[in-house]
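Peer 1: Before anything else, here's the structure in question.
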Amino acid sequence: HRGARVGLVPTMGFLHEGHRTLLDTAVAHDDVAALTIFVNPLQFGPTEDLATYPRDLERDLAMANAAGVAHVLHPSVTEMYPTPIVTAVTVAGVSEPLEGLSRPTHFSGVATVVAKLFAIAGPCRAYFGEKDYQQLAVIRHLVADLDMGIDIIEVATVRESDGLALSSRNRRLDPSQRVAAAIVPRALVAVQDAFWHGTIDAEKLRETAVRIIADEPQAHLEYVEVVDRDTLRPLQSATPDASVVIAVWFGQIRLIDNVALSRL
Ligand code: PAF
């Protein structure tokens, strides 16, 4: 595809409508859309859900086909890592707070595999969902710092009718946890609402979310913060371009979500 503009959609498979939106956007805007499916062991911690991470290659390939994707790359772990990998890409700063606190090696695993995928793909436009907000910030820094020549395209989170952000992990919620999980977007919207009613003190905004999550016995809050969009550092006073980021456990399932304060 010499001269063709490539749209790359890196995923770990088990595609849902959020991924479908990434694929549709790439198909609509680029000459050639390419999907990668690889459950990357490097980004899972020793106690995390690598073994149980959901997979369904057949369904994924059908979705890619229906979306009009030209190429699918789904390497095995030994194809991706034929020899023990001794090179790692670490994006300091932005990888450390929030997700980085409980998942200290996660973003290095993400940055390393994403750097490999970009090297394999060559110059392209790469599509990522806003749901993984900190991941997007890590990848923006990676590409800028290493002059990778990749355009990062951020695509809005796709939500269920009750507001729950689509995630492959949602499938692992039992029916009652699934109902309870709607508390996550509700808490985020309440923070947005409080901001628009004049609350800018970040601690007060956090407390709004803490109270709402505490009302749902099945939900266990890991963190909620009002953060700067680029550094992911917690702010003391919210600004319209800040975001609220949250991580909540339902049993063994950990969900993350975020919303920009300025988005209605
Ligand atoms: O967001 C994901 O699915 C993964 O973290 C990514 C970017 C494909 C890297 O493995």
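Peer 1: I'd like the full set of residues that are open to solvent by 20 Å² or more (accessible area, probe 1.4 Å), within 11 Å of the ligand (Cβ to nearest atom) and free of Cβ contacts under 8 Å to residues at least 40 places away in the same chain, limited to the range 116-149.
Peer 2: Of everything in the range 116-149, those that are open to solvent by 20 Å² or more (accessible area, probe 1.4 Å), within 11 Å of the ligand (Cβ to nearest atom) and free of Cβ contacts under 8 Å to residues at least 40 places away in the same chain turn out to be Lys116, Gln135.
Quick grid of which residues meet (1) open to solvent by 60 Å² or more (accessible area, probe 1.4 Å); (2) touching a residue at least 40 places away in the same chain (Cβ under 8 Å):
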{"site": "Ser161", "(1), (2)": "yes, no"}
{"site": "Ser167", "(1), (2)": "no, yes"}
{"site": "Asn170", "(1), (2)": "no, yes"}
{"site": "Thr208", "(1), (2)": "no, no"}
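Peer 1: Having 1 or more residues that are touching a Pro at 6+ places or on another chain (Cβ under 6 Å) and under 19 Å from Ala126 (Cα atoms) is the bar; report the strands (runs of 3 or more DSSP E) wholly within the range 1-93 that clear it. So that I can check it myself, show each step before the final result.
Peer 2: Working: elements: 6-11, 32-37, 71-73.
In the range 1-93, 32-37 are the strands (runs of 3 or more DSSP E) which contain 1 or more residues that are touching a Pro at 6+ places or on another chain (Cβ under 6 Å) and under 19 Å from Ala126 (Cα atoms).
Peer 1: So, one more: Of the residues His1, His74, His16, which single one is modelled with pLDDT of 95 or more and under 25 Å from Gly149 (Cα atoms)? Reasoning before the result, please.
Peer 2: Numbers: His1 fails: modelled with pLDDT of 95 or more; His16 fails: under 25 Å from Gly149 (Cα atoms).
Going through His1, His74, His16 in turn, the sole match is His74.
Peer 1: I've got another one for you. Identify, from the list Ala26, Ala33, the residue that is closer than 13 Å to Ile153 by Cα, more than 11 Å from the ligand (Cβ to nearest atom) and at pLDDT 95 or above.
Peer 2: Details: Ala33 fails: closer than 13 Å to Ile153 by Cα.
After ruling out the rest, the residue left standing is Ala26.
Peer 1: Could you check the range 37-60 and list, in sequence order, the residues that are within 15 Å of the ligand (Cβ to nearest atom) and farther than 21 Å from Arg171 by Cα?
Peer 2: The answer is Leu42, and nothing else.
Peer 1: Checking the conditions here, which among Leu61, Leu101 is aliphatic (A, V, I, L, M), open to solvent by 60 Å² or more (accessible area, probe 1.4 Å), closer than 23 Å to Leu22 by Cβ and out of contact with any helix residue (DSSP H, G or I) (no Cβ under 7 Å at 6 or more places or on another chain)?
Peer 2: After ruling out the rest, the residue left standing is Leu61.
Peer 1: Could you tell me which numbered condition Val86 fails, if it satisfies all but one of (1) away from the ligand (no atom under 15 Å from the Cβ); (2) open to solvent by less than 60 Å² (accessible area, probe 1.4 Å); (3) without any contact (Cβ under 8 Å) to a residue 60 or more places away in the chain?
Peer 2: (2)
Peer 1: Still on this structure, I have one more. If I ask for residues that are within 15 Å of the ligand (Cβ to nearest atom), closer than 22 Å to Asp49 by Cβ and in a helix (DSSP H, G or I), which ones from the range 94-115 would you list?
Peer 2: Listed by number, the residues that qualify are Glu99, Gly100, His106, Phe107, Ser108, Gly109, Val110, Ala111, Thr112, Val113, Val114.
Peer 1: Condition test on Ile152, is it within 13 Å of the ligand (Cβ to nearest atom) and open to solvent by 20 Å² or more (accessible area, probe 1.4 Å)?
Peer 2: Yes: the conditions hold for Ile152.
Peer 1: Being aliphatic (A, V, I, L, M), open to solvent by 50 Å² or more (accessible area, probe 1.4 Å) and more than 17 Å from the chain's Cα centre (by Cα) is the filter here, so list the residues in the range 2-56 that pass it.
Peer 2: Selection gives Val27, Ala28, Ala51.
Peer 1: In the range 226-249, what residues are closer than 19 Å to Gly198 by Cα, part of a strand (DSSP E or B) and among the hydrophobic types (A, V, I, L, M, F, W, C)?
Peer 2: Val226, Val227, Val244
Peer 1: Against the conditions (1) touching a helix residue (DSSP H, G or I) at 6+ places or on another chain (Cβ under 8 Å); (2) in a loop (DSSP other than H, G, I, E, B); (3) modelled with pLDDT of 95 or more, where does Phe118 fall short? Just the number, please.
Peer 2: (2)
Peer 1: Now for a different question. Can Thr90 be described as under 25 Å from Asp145 (Cα atoms) and among the hydroxyl-bearing types (Ser, Thr, Tyr)?
Peer 2: Numbers: under 25 Å from Asp145 (Cα atoms): yes; among the hydroxyl-bearing types (Ser, Thr, Tyr): yes.
Yes, satisfied.
Peer 1: Next question. Does Ala111 satisfy being free of Cβ contacts under 8 Å to residues at least 60 places away in the same chain and either open to solvent by less than 80 Å² (accessible area, probe 1.4 Å) or touching a His at 6+ places or on another chain (Cβ under 9 Å) (or both)? Break it down stepwise before answering.
Peer 2: Details: free of Cβ contacts under 8 Å to residues at least 60 places away in the same chain: yes; either open to solvent by less than 80 Å² (accessible area, probe 1.4 Å) or touching a His at 6+ places or on another chain (Cβ under 9 Å) (or both): yes.
Spelling it out, Ala111 is indeed free of Cβ contacts under 8 Å to residues at least 60 places away in the same chain and either open to solvent by less than 80 Å² (accessible area, probe 1.4 Å) or touching a His at 6+ places or on another chain (Cβ under 9 Å) (or both).
Peer 1: Next question, about the same structure. Condition check: more than 16 Å from the chain's Cα centre (by Cα), buried (at least 17 other Cβ atoms within 10 Å of the Cβ), farther than 24 Å from Leu50 by Cβ and more than 12 Å from the ligand (Cβ to nearest atom). Does Ala180 satisfy that?
Peer 2: So Ala180 passes the test.
The values are calculated or read from the model by the stated rules, or taken from the named source; none is laboratory data. Everything quoted here is computed from the prediction, not taken from an experiment. Backbone-built Cβ (ideal geometry, glycine too); neighbour counts: all protein chains shown. SASA here: full protein model, heavy atoms, side chains in, ligands and nucleic acids out. Shrake-Rupley method; radii C 1.70, N 1.55, O 1.52, S 1.80 Å.
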